[in-house]
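Have a look at the structure below, then the notes.
The values are calculated or read from the model by the stated rules, or taken from the named source; none is laboratory data. Just so we're clear, the structure is a prediction, and the values are computed from it rather than from any experiment. Here the Cβ positions follow ideal geometry from the backbone for every residue, glycine too, while neighbour counts run over all protein chains shown.
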Amino acid sequence: MINEGINRADSKNPSLEEVRPTIAMIVAASENNAIGKDNQLLWHLPNDLKFFKNTTWGFPVIMGRKSFESVGKALPGRTNIVVTSQQDWKAPDAIRVASIEEGIQQAIAKTNSKLIFITGGGEIYKQSMDIADSIYMTRVHAQLEGDTFFPVIDENKWTLVSNEDFDADEKHAYSYSFQIWKKI
Ligand SMILES: NC(=O)c1ccc[n+]([C@@H]2O[C@H](COP(=O)([O-])OP(=O)(O)OC[C@H]3O[C@@H](n4cnc5c(N)ncnc54)[C@H](OP(=O)(O)O)[C@@H]3O)[C@@H](O)[C@H]2O)c1
């Protein structure tokens, strides 16, 4: 769990409430929650790449070491924070942290942003379900084989607050929906 300093503060301590930013996960997942295979994505959906770029631009992004290496370089225009247990790991334009909690602390310390994105992959999403406030989910309408999955969204804990549907076309092999889920 997130440590004291960045927990959702109780009403007795409004100053801590001000400190705690919104934590949003952003992901594209198939109907069966597959998000990747062989350390790659399962599709090429240009509109989703644009959506990801526009939504995360200017904000800190926290990701697992494998996802960072899958992309191969830091995402421009964003503070890149990479979670790894390897103390000697480094990459240009990336901040190494030893845990997601440390990643959030670093995001606050370095940017003071009120919104922090968790951008995967599977291991990092799984560990972030309890601390995230929202999920930007691109639901790709296909059943696909993968080796990495997003956790099942528990509708007792999360509610769908927006949904926009898009058809498949010559550039998009699958239909897809941009969804926003908020923690209840
Ligand atoms: N569809 C999407 O939206 C989306 C988004 C992102 C990624 N992906 C896909 O997801 C796959 C990668 O996901 P993944 O689950 O294999 O890997 P990952 O979550 O990206 O990274 C896992 C690595 O993060 C580090 N890590 C995780 N938890 C940690 C902790 N608590 N403390 C310290 N370090 C920790 C470890 O690095 P070390 O081994 O270095 O210690 C671990 O090996 C790829 O296929 C990628 O394409 C899909």
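Condition check: within 13 Å of the ligand (Cβ to nearest atom) and within 27 Å of Glu145 (Cβ to Cβ). Does Ser67 satisfy that? It is true that Ser67 is within 13 Å of the ligand (Cβ to nearest atom) and within 27 Å of Glu145 (Cβ to Cβ). Only one entry in Arg96, Arg78 is more than 8 Å from the ligand (Cβ to nearest atom), of a type in the set (D, E, K, R), in contact with a helix residue (DSSP H, G or I) (Cβ under 7 Å, 6 or more places away or on another chain) and modelled with pLDDT of 95 or more, namely Arg78. Can you pull out every residue in the range 19-44 that is more than 10 Å from the ligand (Cβ to nearest atom) and either closer than 15 Å to Ile104 by Cβ or of a type in the set (A, V, I, L, M, F, W, C) (or both)? Val19, Arg20, Pro21, Thr22, Ile23, Ala24, listed by residue number. Taking the conditions exactly as written (in a strand (DSSP E or B) and away from the ligand (no atom under 13 Å from the Cβ)), does Ile135 satisfy them or not? Answer is no for this residue.
Of all residues in the range 1-22, those satisfying the criterion of being modelled with pLDDT of 65 or more and touching a Leu at 6+ places or on another chain (Cβ under 8 Å) are Pro21, Thr22. In summary, helices (runs of 4 or more DSSP H) completely within the range 42-114 and bearing 2 or more residues that are within 15 Å of the chain's Cα centre (by Cα) and exposed (fewer than 14 other Cβ atoms within 10 Å of the Cβ) occur at 46-56. Only a single item in (1) in a loop (DSSP other than H, G, I, E, B); (2) within 12 Å of the ligand (Cβ to nearest atom); (3) under 23 Å from Val152 (Cα atoms) is not met by Asp130, and it is number (2).
Exactly one residue among Asp165, Asp147 is near the ligand (Cβ under 8 Å from one of its atoms), acidic (Asp, Glu) and closer than 26 Å to His44 by Cβ, and that residue is Asp147. Contact map, the range 24-42: residues that are under 21 Å from Ala168 (Cα atoms) paired with residues that are assigned to a strand (DSSP E or B) and of a type in the set (Gly, Ala, Ser), Cβ distance under 9 Å, separation 6+ or inter-chain. Pairs shown: Ile35/Ala28; Ile35/Ala29; Leu41/Ala28; Leu42/Ala28; Leu42/Ser30; Leu42/Ala34; Leu42/Gly36. Would you confirm whether any residue within the range 160-183 is in a strand (DSSP E or B), within 18 Å of the chain's Cα centre (by Cα), surrounded by 17 or more Cβ atoms within 10 Å (Cβ to Cβ) and of a type in the set (D, E, K, R)? Among the residues of the range 160-183, not one is in a strand (DSSP E or B), within 18 Å of the chain's Cα centre (by Cα), surrounded by 17 or more Cβ atoms within 10 Å (Cβ to Cβ) and of a type in the set (D, E, K, R), which makes the answer no. Taken over the range 141-159, the residue count meeting the criterion of being in contact (Cβ under 8 Å) with a residue 60 or more places away in the chain, closer than 19 Å to Ile124 by Cα and surrounded by fewer than 11 Cβ atoms within 10 Å (Cβ to Cβ) is 1.
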